[in-house]
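Beneath this line is the structure, given in structure tokens, with notes to follow.
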Amino acid sequence: AQLEDQHARMQQLTREAAVAEERRRIMSDMHDGIGGQLISALSLVQAGDTPREQVAAALRECIDDLRLAIDSLEPTDEDLLPVLGSLRYRLEPRLKAQGIALDWQVQEVPKLACLTPQNVLHILRILQEAFTNVLKHAQANRVAVESGVEPDTRRVYIRVSDNGRGLAPSDGPRPPGHGLVNMDRRATALGGELLVRPSAGRGTTLELLLPVG
């Protein structure tokens, strides 16, 4: 009984150390990400002739990034739905303000062992970038979010589809861009895969595939 109790304590200490390391990584990520954004926003203010709308947009991005980092620290119990629910709460007002309807088709999926705080932040930032592209570039009036399980691979998917102008013919199945490179990097860190393709009919679909085990 003493050995079992000692083993349980060691496991608890290991989990706590892992969580502490994840939080340290998130703080480093925030320092590099939000810190750089704030410096850019300060430069816009100091320039003196920057339009107020541009400054406001830069500060809004800083606030959004900070909120994502805070949300990623919330306990998830390996459940994806609270993670997606937080994102919906953050983004739906912005979509509505730009006349974009949100079709929320999220359903329960298996528990995801990969949902550490750092990985939750990866997921949130991938999806945030997807929505930013819809808001800034897609010229869409509807975006759908779905979750489920692939029948063949049993991987969990998160799918974001819009009815906007879609990919340019020169873009191909994987359009270039710094944002997409970062999204790919985050998906790889999750042990997952990122797919971007034209939607059926019109628009663009982004799909994030996540391992269950």
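The values are calculated or read from the model by the stated rules, or taken from the named source; none is laboratory data. All of these numbers come straight from a predicted model, not from anything done at the bench. FYI the Cβ positions are ideal-geometry reconstructions off the backbone, even for glycines, and counts take in every protein chain you see. When the accessible area is computed, the model is the full protein with side chains, heavy atoms only, and any ligands, DNA or RNA have been set aside. Shrake-Rupley method; radii C 1.70, N 1.55, O 1.52, S 1.80 Å.
The gain in end-to-end length when the Lys96 to Arg154 segment is fully stretched comes to 17.5 nm, 0.36 nm per residue minus the alpha carbon separation.
A Förster radius of 35 Å, combined with the Cβ-Cβ distance separating Arg23 from Arg202, puts the computed FRET efficiency at roughly 0.25. Taking a ≥ b ≥ c as the square roots of the eigenvalues of the Cα gyration tensor, an a/c ratio of 1.5 or more together with a/b no larger than b/c marks the chain as oblate.
Modelled label positions at Ile70 and Lys111, each set 7 Å beyond Cα in the direction of Cβ, lie 2.9 nm from each other.
Ranked by the mean number of other Cβ atoms within 10 Å of their residues, highest first, the peptides 38-51, 99-112 fall in the order 99-112, 38-51. Note on the chain: dipole from Cβ charges, positive end direction compared against Gly148, Gly166, Leu206; the farthest Cα belongs to Gly166. Gain on full extension, evaluated as 0.36 nm per residue between Ala56 and Arg142 minus their Cα-Cα distance, stands at 28.5 nm.
How many percent of the accessible area of the chain is carbon or sulfur, using a 1.4 Å probe? Within the chain, the accessible surface is 53 percent carbon and sulfur. In a simple Cβ point-charge model (Lys, Arg +1; Asp, Glu -1; nothing else charged), the chain has a dipole of about 580 debye relative to its Cα centre. For Met183, the accessible surface of its heavy atoms amounts to roughly 10 Å² (probe 1.4 Å, protein chains only, rounded to the nearest 10).
Taking all protein chains into account, the per residue accessible area for the range 1-150 stands at 61 Å² (1.4 Å probe).
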